[in-house]
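Report on the structure given below.
The numbers here are math on the coordinates, done by the rules we state, and not lab data. Predicted model only: the values in this text are computed from it and were never measured.
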Amino acid sequence: MFTLHKSARVLLLEPPRLYVDTTRLKHTLNQEFGGTEAELRVVTRQARDLVDSGQTASDRGHELTVDELVSHLHDAPDESDLIQRWNWWMGALDVSYGGYERFSVRFIRDEPGVNT
């Protein structure tokens, strides 16, 4: 019989770390929707937290990509700014699956080290 050391068992139980290219995401968000540096920073941070949580992968069955994320933001009403688009999508995910309200943007402070 094969026996695993207890630390090896823990490693096998931990889900794999997910990844989002935040540099590419921030650049793409700026190209597609514009926004202030603070707005881009906070949405990028929320997207990273969302991916890191593993919630979208668990709920939807696959990892979230930059292209897919941007596509979902394009589905928001045309007159929406970046923050409104993000919150619109978080609302849609929350209605569908629950538990996404915590990723919504509530306020933005444009100070060094905030929203990063």
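Taking every pair of distinct Cα atoms and averaging 1/r, then inverting, what Kirkwood hydrodynamic radius in Å comes out for the stretch 17-103?
12.9
If you average the C-alpha positions of the stretch 19-58 and of the stretch 77-103 separately, how far apart do those two centres end up, in angstrom?
13
Pop out the ³J(HN,Hα) list for the stretch 89-96 in order, Karplus 6.51 cos²θ - 1.76 cosθ + 1.60 with θ = phi - 60°, rounded to Hz; leave Gly and Pro as x.
5, 4, x, 5, 5, 5, 5, 6
Quick query: amide H of Gly54 versus all other amide H atoms, modeled in the peptide plane; which residues come in under 5 Å with a sequence gap of 5 or more or a different chain?
The answer is none.
Could you tell me the relative contact order of the stretch 17-103? Use alpha-carbon pairs under 8 Å, at least six residues apart, and round to a whole percent.
31
Along the stretch 60-69, what does the Karplus equation 6.51 cos²θ - 1.76 cosθ + 1.60 (θ = phi - 60°) give for ³J(HN,Hα), rounded to whole Hz, x for Gly and Pro?
Karplus-based 3J(HN,Hα) across the stretch 60-69 equals 9, x, 7, 5, 7, 9, 4, 4, 5, 4 Hz.
Provide the three semi-axes, in whole Å and in decreasing order, of the ellipsoid equivalent to the stretch 44-88 as defined by the square roots of 5 times the Cα gyration tensor eigenvalues.
Sorted largest first and rounded, they come to 20, 11, 8 Å.
Can you compute 3J(HN,Hα) from phi for each residue in the stretch 42-53, using the Karplus curve 6.51 cos²θ - 1.76 cosθ + 1.60 with θ = phi - 60°, rounded to whole Hz and x for Gly and Pro?
These are the phi-based 3J(HN,Hα) values: 5, 5, 4, 5, 5, 5, 4, 4, 4, 5, 4, 5 Hz.
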